[in-house]
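Nothing in this text is a laboratory measurement; each read-out follows from the coordinates by a stated rule. If you're wondering where the values come from, they're calculated on a predicted model, not measured in any experiment. Note: ideal-geometry Cβ built from the backbone for every residue, glycine included; neighbour counts use all protein chains shown.
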Amino acid sequence: MTTIVVLGSTNMDLVAYVAHPPKRGETVTGRAFRTVPGGKGANQAVAAARAGGDVAVIGAVGSDPFGERLRHALEASGVDTDLLRTADGPSGTAHVVVDDDGGNAIVVVPGANGTVTALSPGDETLIAAADLLLLQLELPLSAVLDGAAAAHRHGVRTVLTPAPVQPLPPELLAVTDLLVPNEHEAAQLTGVADPLGAAQALLRQVPEVVITLGAAGCLHASRDCAPTVVPAPLVRAVDTTGAGDTFTGALAVALGEGRPVGEALRWASCAAALCVQREGASTSMPYRPEIDASFAPTHAPEDDTP
């Protein structure tokens, strides 16, 4: 079983469903509202655990009722929360607007996540025993760098999702093994709009890149092989919140199991396709039997070389 540690955020998603998102100064009427456990770190942890990984999370929740609910939700999906600390004050929140096309806009308020500025006692030991460390940018950058450096010292593969996007310091890129941005993040990081061009620019900084392309699938590029595009399954999206985290969590499991990259990407794409057909983030993430059932490698389309 793949052992995965996630150093990342845990938020309560406050989700409003609307026909179209409001413009500046506009008020719209929503059709539904839900509170859903989320946060990029927690989402990736849940996705990886449901996909069959042995997963632990490092981070923080608040001392409010949201904190208790967030911890319980992680544990209910099989995630080890022994090193998920409780900080005085509110938990992190994400204020999400989902439109009828399944698109979303999100405002994140860090809350307790902002207290995680470095590794704490026991964190490095946990990381050292893992196969992979998953990282995102909803924690302070100092903690992300601390975790990535610890993983690098112990030969643990690091997977970084650069979201919310921000300039990445060279010292973080130097200890990143796999970078997984979406196409918009890749463009912002490189100044190159074309995903293939962005991937080639990123390969000058990290050894391997997967750029997610939404309904178009994903682009894989590394210093060792030609870039390939893996198409996504054709589905009707209801809510795309959490799709990228589902993809990354499932991809980490597949890579940890030693699957070939193309197969791992197709399997992760199946997981993300299942996620977008349901409302919510962590609540929409599929379990391994569902992913396996939707994954048909003998009928999968061939990868396209750009």
(message) Tell me which of 95, 190, 215 sits at the most positive position along the dipole axis of the chain, charges placed on C-beta atoms (Lys, Arg +1; Asp, Glu -1).
(response) 95
(request) Assuming R0 = 35 Å, can you tell me the calculated FRET efficiency for the pair residue 171 and residue 215, based on Cβ-Cβ distance, to the nearest 0.05? (result) 0.50
(message) Just to confirm a number: summing +1 for Lys and Arg and -1 for Asp and Glu over residues other than residue 292 whose beta-carbon lies under 15 angstrom from that of residue 292, what do you get?
(response) +1
(request) Name the long-range amide H neighbours of residue 87: under 5 Å, sequence gap of 5 or more, or other chain; modelled H, no Pro or chain starts. (result) 61, 62, 63
(request) Choose one answer from 109, 36, 253: the residue with the largest mean-square fluctuation in a GNM of the chain with alpha-carbon springs under 10 Å. (result) 109
(request) Given the options 245, 131, 146, state which has the largest fluctuation in a GNM of the chain using a 10 Å cut-off (strictly under) for Cα springs. (result) 146
(request) Would you mind telling me the antiparallel percentage of the DSSP bridges in segment 54-189, rounded to 5? (result) 35
(request) Kindly work out what percent of the DSSP beta bridges joining two residues of the chain are antiparallel, to the nearest 5. (result) 45
(request) Extending each Cα 7 Å along its Cβ direction at residue 277 and residue 117, get the distance between those two points in nm, one decimal. (result) 4.6
(request) Work out the length of the dipole vector of segment 1-128 about its Cα centre, built from +1 on the beta-carbon of each Lys and Arg and -1 on the beta-carbon of each Asp and Glu, and round it to the nearest 20 debye. (result) 320
(request) For segment 157-306, give the share of DSSP beta bridges that are antiparallel, in percent and rounded to the nearest 5; count only bridges with both residues there. (result) 70
(request) Run the quick spin-label model on residue 235 and residue 294: label points 7 Å from Cα toward the beta carbon, then report their separation in nm to one decimal. (result) 0.2
(request) With a Förster radius of 30 Å, plug the Cβ-Cβ distance of residue 153 and residue 34 into 1/(1 + (r/R0)^6) and report the FRET value to the nearest 0.05. (result) 0.15
(request) Find the centroid of the Cα atoms in segment 1-25 and in segment 141-183, then give the distance between the two in whole Å. (result) 21
(message) Under the 0.36 nm per residue contour assumption, what length would be gained going from the current alpha-carbon distance of residue 27 and residue 106 to full extension?
(response) 26.8 nm
(request) Please state, rounded to one decimal and in Å, the Kirkwood hydrodynamic radius that the chain gives when every pair of distinct Cα atoms enters the mean of 1/r. (result) 19.1
(request) Give the residue from 2, 167, 241 lying farthest towards the positive end of the charge dipole for the chain; charges sit on Cβ (+1 for Lys and Arg, -1 for Asp and Glu) and the dipole is referred to the Cα centre. (result) 241
(request) Grab every C-alpha pair in segment 62-108, bin the distances at 5 angstrom width from 0 up to the longest one, and report whole percents. (result) 5, 18, 20, 18, 16, 14, 7, 2
(message) If you average 1/r across every pair of different Cα atoms in segment 1-96 and take the reciprocal, what Kirkwood value do you get, in Å?
(response) 14.2
(message) Which one, 225, 270, 132, projects farthest toward the positive side of the charge dipole computed for the chain from Cβ point charges (K/R +1, D/E -1)?
(response) 270
(request) Could I have the simple spin-label model distance between residue 196 and residue 19, label points 7 Å from Cα toward Cβ, reported in nm to one decimal? (result) 4.1
(request) Select from 79, 156, 61 the residue whose mean-square fluctuation is largest in a Gaussian network model of the chain (Cα-Cα springs shorter than 10 Å). (result) 156
(request) Sort out the exposed loop GluC sites (Glu not before Pro) in the chain (DSSP loop, at most 11 other Cβ within 10 Å) and tell me the longest stretch that has none. (result) 27-301
(message) Considering only C-alpha atoms, what is the centroid distance from segment 215-238 to segment 60-76, in Å?
(response) 34
(message) If the only charges are +1 at each Lys and Arg Cβ and -1 at each Asp and Glu Cβ, what is the size of the charge dipole of the chain around the Cα centre, to the nearest 20 debye?
(response) 300
(request) Can you quote the Å³ per residue value for the convex hull of the Cα atoms in segment 108-219, rounded to an integer? (result) 106
(request) Could you pull out every residue, at least 5 positions away or on a different chain, whose amide H is within less than 5 Å of the one on residue 138? Hs are placed 1.01 Å off N in the peptide plane, and Pro or chain starts have none. (result) 9
